[in-house]
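Note sheet for the following structure.
The values are calculated or read from the model by the stated rules, or taken from the named source; none is laboratory data. Since the model is a prediction, treat every value here as computed from it, not as a measurement. Methodologically, a virtual Cβ is constructed for each residue, glycine included, from the backbone with ideal geometry; neighbour enumeration extends over all protein chains shown. Protein only, heavy atoms only, side chains kept; ligands, DNA and RNA dropped before computing areas. Shrake-Rupley method; radii C 1.70, N 1.55, O 1.52, S 1.80 Å.
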Amino acid sequence: MQARPGESLEVLVSATAVEARVRALGAAISRDYQGRSLLLVGILRGSFVFLADLIRSIDVPVAIDFMAISSYGASTRSSGVVRILKDLDEEVQDRHLVVVEDIVDTGLTLNYIKSQLVARDAASVAICTLLDKPSRRQVDVHLDYLGFQIPDEFVVGYGLDFDECYRNLPDVCRLHIHGRKELE
Ligand code: 5GP
């Protein structure tokens, strides 16, 4: 896919590598939740592609629901302010939840979501993220299932966007913006 004018893309994790890893994550989740049923909580919008693939690699009974959290808009750095824009429709009390996220950066978003779900008396709350940028962590979040650790670079594709563009890329790509030393 072509980048927009003034931007360029470089593959960081290929679609083939993503596919294999997602299958392995689905197998691990299926093993760990054998004999139980599961509610996958997708964090909109970035996780929708990952969740769609992941769910097809899981072979225990599974329901899905979504939450939307305030995003960065057209910026590439977290404001640190987390706000629920869309809450779950499902009851979570006494259910086993796996929160499905696209990427963990500062950890502020997942930390907030996890505390909210624990407070609603879920039976368990695990976290599954495709990508992790550990160098920018501000709060400690335990990642139960992780696809790939990546360096501190802004990435798009496989559901992740910049300014609502590039979600449809099959690979996870670095985004370069020309004439800007660092993305802010
Ligand atoms: P955190 O609260 O961990 O700082 O931010 C997590 C959220 O920030 C992710 O769900 C995602 O929406 C956004 N984010 C963090 N790093 C990136 C990145 O490299 N690319 C994109 N597209 N979004 C990112």
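Side notes on the structure shown:
- Among (1) under 17 Å from VAL125 (Cα atoms); (2) crowded, with 18+ Cβ neighbours inside 10 Å; (3) touching a strand residue (DSSP E or B) at 6+ places or on another chain (Cβ under 7 Å) - the single one ALA3 does not satisfy: (1)
- In the stretch 47-64, the residues that are under 20 Å from GLY157 (Cβ atoms) and assigned to a helix (DSSP H, G or I) form Cβ pairs under 8 Å with partners that are within 16 Å of the ligand (Cβ to nearest atom) and acidic (Asp, Glu), at six or more places apart or across chains, as follows: PHE50/ASP102.
- Some residue of the stretch 123-140 being within 9 Å of the ligand (Cβ to nearest atom), under 24 Å from ASP171 (Cβ atoms) and at pLDDT below 95: yes
- Subset tally (residues that are at pLDDT 95 or above, more than 16 Å from the ligand (Cβ to nearest atom) and either within 21 Å of GLU91 (Cα to Cα) or in contact with an Asp or Glu (Cβ under 7 Å, 6 or more places away or on another chain) (or both)) for the stretch 37-52: 2
- Scanning the stretch 87-107 for residues that are away from the ligand (no atom under 16 Å from the Cβ), of a type outside the set (Lys, Arg) and touching a residue at least 12 places away in the same chain (Cβ under 8 Å) returns ASP87, LEU88, ASP89, GLU90, VAL92, GLN93, ASP94, HIS96, LEU97.
- ASP121 surrounded by fewer than 16 Cβ atoms within 10 Å (Cβ to Cβ), in contact (Cβ under 8 Å) with a residue 12 or more places away in the chain and at positive phi: yes
- The set of residues from the stretch 135-184 being within 17 Å of LEU110 (Cβ to Cβ), open to solvent by less than 60 Å² (accessible area, probe 1.4 Å) and among the small types (Gly, Ala, Ser) comprises GLY147, GLY159.
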